[in-house]
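Reviewing the structure listed below.
The values are calculated or read from the model by the stated rules, or taken from the named source; none is laboratory data. Quick caveat, the model's predicted, so the values are computed rather than measured. Don't worry about glycine lacking a Cβ; one is built from the backbone with ideal geometry, like all the others, and counts go over all protein chains shown. Please note that ligands, DNA and RNA were not included when accessible areas were found on the heavy atoms of the full protein model with its side chains. Shrake-Rupley method; radii C 1.70, N 1.55, O 1.52, S 1.80 Å.
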Amino acid sequence: MNRILRYYLDTLIHTGTFNVIDADGNRETWGDGSGEPLTVRFNSRAAERAVALNPSLKFGEVYMNGGTDVLEGTMYDVLALIFKNAGNHVTSRPWMRAIERMRRVARGIVQYNTPTRARSNVKHHYDLSSQLYDLFLDEDRQYSCAYFERPDATLEEAQLAKKRHIAAKLRLDRDDLRVLDIGCGWGGMGLYLAGNLSADVVGVTLSDEQLAIARQRADDAGLSDRAEFRLQDYRKTQGPFDRIVSVGMFEHVGVGFYDAFFSHCAEILDEDGVMLLHTIGRYDPPGNTNSFIQKYIFPGGYIPSLSEIMAASERCGLIVSDVEVLRIHYAETLKHWRERFLARREEAKALYDERFCRMWEFYLAASESAFRWQNLVVFQLQFTKNLDALPITRGYMGADEDRLRRLDEAAAEPVTGLRECEAAE
C-alpha cells in the first residue's frame with residue numbers, strides 16, 4: 001500500500017472497522033473493531049497515490065472513475081466513518097493544509113462570478129435533465145434545505161414547512177406586495193407566495209430548464225398574472241420591491257461579489273421592505289468549499305461563514321433583524337435525496353451513465369456527512385433598511401406560520417402546478 005495513504009489512515013481511523021484492499025490485493029484493517037465492517041478496494045496504484053496526496057478531491061474523483069470500489073457497506077457508510085473520526089480536521093496533515101492554502105489564494109479566480117460566468121456555472125448543474133431531479137426531489141422540486149417540524153415528517157411535508165417558515169419571516173401582511181425571488185429555481189417558492197399570500201412575485205433564474213418549468217407551472221396554476229419568471233441575473237433587476245427572498249442561491253455568488261449582491265438588494269428594496277436570505281453556511285471561520293463539490297458539482301460555488309455575510313451586509317446599509325441557524329435539517333434533507341436517488345439509480349444511469357451515478361452518489365453522501373459531522377449549517381438571515389419595519393418581538397413569525405399551516409392543511413393540495421406541467425410535457 002502507498003506509504004502516505006497508510007500513514008494517513010493510521011492517524012485518522014480510530015473507531016469502527018475499516019478494511020482496505022490495496023492494488024496488490026493486500027488487506028489491512030483500521031479502527032477498534034466496533035460497528036459493521038466496511039471494505040474499500042483500490043483498483044490501481046495510481047488511485048492509491050492520488051487519494052494519499054489529495055483526499056479531499058481525489059477520493060471522490062477516483063471513486064467516480066472506477067479507481068476504487070466499496071465492497072462492504074455503502075459510500076455513505078465509508079464517508080460517515082471518515083468524517084466522524086476526523087471531526088473538523090479532515091485536512092489536518094501538513095501537505096493537505098498547504099493544498100487548502102493554495103486553494104484559498106486562488107479562490108478569487110475560481111469564484112470570479114461575472115454575469116456570463118455565473119450563467120455558465122448555473123447551466124452546469126441546473127440545466128441537467130429535468131427527469132434527473134424528478135428521481136429524488138419532492139413534488140414541488142425544492143432543491144434546498146427542508147424544515148423538519150417533526151422527526152417523522154415526509155420530505156414533501158418538510159419542504160412545505162420550509163416555505164411556510166420563510167413566508168412568515170417575510171411578513172406578507174397585506175395583498176399585492178411586490179416580491180423578488182432571487183434564484184427562483186423551478187418556481188415553488190414564488191408560486192407559494194403568489195398563490196397563498198396574494199403577492200406579486202418576480203422570480204429570476206439563470207437556468208433555461210428551470211425557467212421553462214416555472215413559467216409552465218405558473219400558467220397551469222392560473223398564477224401568471226401574479227408570478228412572473230425571468231431569465232435574468234440578479235444584478236439586472238430593477239426595483240423597488242417590498243420584499244426580497246433568496247433561497248439556496250447565495251452559495252453561487254462568490255466572496256468577491258458579496259458587496260455587489262447586498263448593495264443591489266439594498267438599492268432595490270423599499271425603505272420599509274424586508275429581505276430573507278436562506279443559505280448554506282459554515283459555523284467556523286472562513287475556509288474553502290470541498291474541492292470535489294466545487295470542481296464537479298457546483299463550479300464557482302462557495303460556502304460562507306456568518307462573519308463574511310455580516311461584514312458585507314453591514315457595508316451596504318442593511319440591518320440584520322433576525323438570525324436563525326438550522327442545524328441537522330439539511331442532513332435530513334440530503335438523507336431523503338440520497339435514499340431516493342439510490343432507489344432509482346438505474347433510471348439515472350439510463351439518463352446518463354455509471355460514472356455520473358457514482359459522482360452523484362458521492363456528492364449526496366459527502367454533503368450529508370458534512371452537515372452531520374463537520375461544520376455546515378443553514379443560515380436564515382432577515383434584513384431591513386428601517387429599524388421599525390417589523391414588530392419588535394418575534395411573535396408575528398409564529399402567528400403567521402400557524403395561520404399558513406392551517407391554510408395548507410385545509411387545502412386539498414398546495415399550490416404548485418408541477419404535476420400538471422409534467423403531464424403537459
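General remarks:
One line per residue, one yes/no per condition, for (1) modelled with pLDDT of 60 or more; (2) more than 17 Å from Gly187 (Cβ to Cβ):
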site: Thr91; (1), (2): no, yes
site: Trp95; (1), (2): no, yes
site: Tyr112; (1), (2): no, yes
site: Pro115; (1), (2): yes, yes
site: Asp127; (1), (2): yes, no
site: Gln142; (1), (2): yes, no
site: Ala153; (1), (2): yes, yes
site: Gln159; (1), (2): yes, no
site: Lys162; (1), (2): yes, no
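- Listed by position, the helices (runs of 4 or more DSSP H) enclosed by the range 320-410 that each have at least 1 residues that are closer than 30 Å to Glu271 by Cα are 395-410.
- Within the range 69-82, residues that are acidic (Asp, Glu) reach no partner that is open to solvent by less than 40 Å² (accessible area, probe 1.4 Å) and modelled with pLDDT under 95 with beta carbons closer than 7 Å at six or more positions or on different chains.
- Qualifying positions in the range 328-363 - acidic (Asp, Glu) and open to solvent by 30 Å² or more (accessible area, probe 1.4 Å): Glu332, Glu339, Glu346, Glu347, Asp353, Glu354
- One residue from Ser198, Ser207, Ser246 being over 20 Å from the mean Cα position of the chain (by Cα) and not aliphatic (A, V, I, L, M): Ser198
- Within the range 228-243, the set of residues being open to solvent by 40 Å² or more (accessible area, probe 1.4 Å) and part of a loop (DSSP other than H, G, I, E, B) comprises Gln232, Gln238, Pro240.
- Of all the criteria given as (1) buried (at least 18 other Cβ atoms within 10 Å of the Cβ); (2) modelled with pLDDT of 95 or more; (3) among the aliphatic types (A, V, I, L, M), the one not satisfied by Val70 is (1).
- Of all residues in the range 315-341, those that are among the aliphatic types (A, V, I, L, M) have Cβ atoms under 6 Å from Cβ atoms of residues that are open to solvent by 40 Å² or more (accessible area, probe 1.4 Å) and not in a strand (DSSP E or B), 6 or more apart or on another chain, in Ala331/Arg372.
- A single entry from Asp219, Asp225, Asp181 fulfils the requirement of being assigned to a loop (DSSP other than H, G, I, E, B), of a type in the set (Asp, Glu) and either out of contact with any Cys (no Cβ under 6 Å at 6 or more places or on another chain) or surrounded by 17 or more Cβ atoms within 10 Å (Cβ to Cβ) (or both): Asp225.
- All positions within the range 244-262 that are at negative phi and open to solvent by less than 10 Å² (accessible area, probe 1.4 Å): Ile244, Val245, Ser246, Phe250, Val253, Tyr258, Phe261, Phe262
- Count of residues meeting criterion [of a type in the set (Asp, Glu) and closer than 21 Å to Leu177 by Cβ] in the range 213-265: 3
- Matching residues in the range 184-216 - criterion: being surrounded by fewer than 23 Cβ atoms within 10 Å (Cβ to Cβ), over 19 Å from Glu156 (Cα atoms) and not aliphatic (A, V, I, L, M): Ser198, Asp200, Ser207, Asp208, Glu209, Arg215, Gln216
- Any helices (runs of 4 or more DSSP H) falling wholly within the range 1-64 and containing at least 1 residues that are surrounded by fewer than 14 Cβ atoms within 10 Å (Cβ to Cβ) and among the hydroxyl-bearing types (Ser, Thr, Tyr): 3-12
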